Structures are given as structure tokens and as C-alpha cells.
Amino acid sequence: MKVVIRADAGSEIGTGHLMRCIALAQALQAKGHCVIFARTGDTQSLSDRLRSESLSCIALQSPRGSVDDAAETIGLARRASATWIVLDGYHFGGSYQSTVKAAGLNLLVVDDKGDLGPYCADIILNQNLHAAERMYEARERGARLLLGPQYALLRREFLAQRVKRWSCPEKPRNVLITLGGSDPHNYTQQVVTAITRDVSFDFSVSVVVGGANRHWESIQATVSSYACVVKTKILRDVQDMSPLMAASDLAICSGGTGALELAFMGVPYLGLSQALQEAMLLQEADKKGICTYLGDFGAVSAEALNNAVHRIADSRATREAMVVRQQTLFDGLGADRIAQAMSDSRMTLQQAIS
């Protein structure tokens, strides 16, 4: 197969859509398929990342999600003789999808909230814990649903780094703070300020700032100010998060792709949400016992955050229970299952045509 993946990244929309699509691209490449990315805007570090994966990336000129965007993407697919288009983004609604299908292309839609309908896709993918069939009642007959963590898009570096661990240290030694690739509201600085000024914390802190984050300098200044209180290091534009996660005993994260990666790696975490889809993910993760959801960033005080960190740090039993549940939910085969489903659907469509 030849596949065009339409996904964007940037300081306002984050990097999660693009990064999880890299996992799908890796699985497709491993099966001998050709993948081309199409995106608007430019984040140099992410362009470099795509090139490092031997993935072609074509810059589109049209406004994101527009009629012209759809036409450009279809034109690219036709020139490349692609049979599939993958859409990942909250601006690819029913009109965009129907345009792609009307062009005679197979379509996979990656979704989180169930609000992009009416869905005109051959396959609808929602990798989240809260995914449910009722979210996709407004879909075309025959659309295949791939729902839940068995379809989690995890890049191969995580598959290589995962260590099955069913126990945790008595106290966390390494704590990771990672709030997404862009963090436009600079919640990272709020969390860092709350954690690093607490003299009662006896652990090392690693703060990850994404390449699309525009607040690098102010976060760095905050870390420098409190480095003498809590041992802290700041890491910018980390290309491979898997070793950091593997070395972490506890994490503070937002409800994006990183939350699923942490769960796969067996890292207990405290979750804070920045948007509806993140709240949906973290609420369900909390119900399933794989994290502690604290609420929206704007509603959680520094004191509440610190108290929550103390509670989970002081309870080895709580952290061990999280790890056991995490590692029973995520097996790392999601991208392979999706790639196989695309191959199966293509064969079914060809048989129907013939």
C-alpha cells in the first residue's frame, strides 16, 4: 500500500497528533508499505524527526481543514498512487472526510472525542481508554471501529525500552514532569514552581520541554532559581522519551499521548488536563486505576498538587497497583493491529469492486 498521513503539529495544537502517527507509519513501513506525511506549518525539529524515520513530508499551502486543504491532500495521494489517507486532527470533520471518500480513496480517521461526525471513514480509530461505540453512532454503514488501548499508537522506541516491572521503590527517586510538546499556556512553569520549591521532596526531577514550547527561557529561569532546593534538570526537545520514562518512578503529565506512553512503560502518574479530550482520557484512566487525575490545570492549586505528590510518593502499594493495571491494559501491539486492519479493509474493498 501507499498511504498519505495528514497530521499537523505546532505551538498551539501540540505535537501529539503527529507523533502518534509516526507510530502508525513505523508499523506500515515494517510491513513494506510506503508512507508520506502531509502537513501545514513547520516545526523544524519535527520535520527532522520525520526525516530520521525515512518518512517523506510534503508541506501544504492551504488553510488547515479547508476545502482547499482536502483538495491538496487528495491531489498528493493521486500523484503518489496512494490508496489510503489517514486523517488525525480536530479540524477534519464530516465535510472533509466525505470529500476524501468521494475521490475514491480509502480513509482512516484517528479520533479522540467522537465529535467529528458524520463519519465517512472506512476505519475509525480511537485509542483512548474512554473510547466507546456509542460515540460513533453517526457513521457510515460498514465503517470499522478500532477502539481502546489495544490499538494504542506506541512508537518502536517505547517497545524496545519497556521493562516489565511489577514492583516500585519504597520512595520515588526520579520524578518526570512532561506536559506535552507545546504547552501553550505554560503550565509547565506552574508545576515546576510548585514542586521544586518544596523542601520536603527528596527526589530528582526531570522537566521535559517540547520543541514547540515557546516558554523555554522562563521555565529554565524557574528551574535555575529552585535547583538548590530540589535537584532538577531541564531537557528540551527530547527526541526519544522512552529512556527517561523507563528511568522514572513517578510522573506528572497532561492527558495526551504521553499519558498512554507512561502507562505502557509502567510509570505511575498524576494527570492534569488542559482540554476536554484530555479530561476524558484521564478520568477514565483514574477509574481504571492507572493514574490519579487531579483535574483541570486552572482548578488545581500548588498546595493541592504537592499534597497529591506526597500521598502517592508515600504509598508504595498505590503505585504498585497502578503499575499492575497499566501493564495488563497495554501490550504495545496497537500500531501493528491498525496496519493489519488497513490491509484487510483494502483487500475487502478490492473484492467488493471486482
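Just a few scattered comments:
- Derived scalar couplings ³J(HN,Hα) [region 25-41; Karplus, 6.51 cos²θ - 1.76 cosθ + 1.60; whole Hz; x for Gly, Pro]: 4, 4, 5, 5, 4, 4, 8, x, 8, 9, 10, 10, 8, 10, 8, 9, x
- Amide H contacts of LEU154 (H built 1.01 Å from N, under 5 Å, at least 5 apart or other chain): GLY334, ALA335
- The Cα trace of region 158-329 gives Rg and Dmax of 14.6, 41 Å, the first to one decimal, the second as a whole number.
- Packing-based ranking, highest mean first, of 192-201, 118-127, 137-146 given that Cβ atoms within 10 Å are counted: 118-127, 192-201, 137-146
- Computed from Cα positions, the angle between helix 187-196 and the longest principal axis of the chain comes to roughly 20 degrees.
- Extended-chain gain in nm, criterion 0.36 nm per residue less alpha-carbon gap, ARG165 and SER225: 18.1 nm
- Considering only LEU154, GLY181, ILE195, the residue lying farthest towards the positive end of the dipole of region 154-210 is LEU154, judged by Cα position with unit charges set on Cβ.
- Nearest-0.05 FRET efficiency for LYS113 and GLU217, computed from C-beta distance (R0 45 Å): 0.85
- Label-zone membership for region 302-336, site ASP202, 7 angstrom Cα→C-beta point, backbone N under 13 Å: 314
- Each Lys or Arg adds one and each Asp or Glu takes one away; over the other residues whose Cβ falls under 13 Å from the Cβ of LEU294, this sums to -3.
- Here is how the number arises for the chain: DSSP H runs of 4 or more residues each give -39500 (n - 2.57), the sum is divided by the residue count, and the result at 222 nm is -12500 deg cm²/dmol.
- R0 of 41 Å, Cβ-Cβ distance ARG78-VAL238: FRET efficiency to nearest 0.05: 0.65
- For MET342, MET1, the sequence from fewest to most other C-beta atoms within 10 Å is MET1, MET342.
- Residues with amide H under 5 Å from that of ALA121, placed H, sequence gap 5 or more: GLU140
- Across the chain, Cα-Cα distances exceeding 26 Å account for 49% of all pairs.
- For the set LYS171/LYS231; LYS164/LYS231; LYS2/LYS101, the pairs lying more than 18 angstrom apart at their alpha carbons are LYS164/LYS231.
- Cβ-placed point charges (K, R +1; D, E -1), dipole of the chain about Cα centre in debye, nearest 20: 780
- Descending by average beta-carbon neighbour count within 10 Å, the peptides 76-86, 269-279, 303-313 line up as 269-279, 76-86, 303-313, the highest first.
- In degrees, nearest ten, helix 302-314 long axis to first principal axis of the chain (Cα): 80
Read the figures in this text as sums done on the coordinates, not as results from a lab. What you are looking at is a predicted structure, and each value in this text was computed from that prediction instead of being measured. Note: ideal-geometry Cβ built from the backbone for every residue, glycine included; neighbour counts use all protein chains shown.
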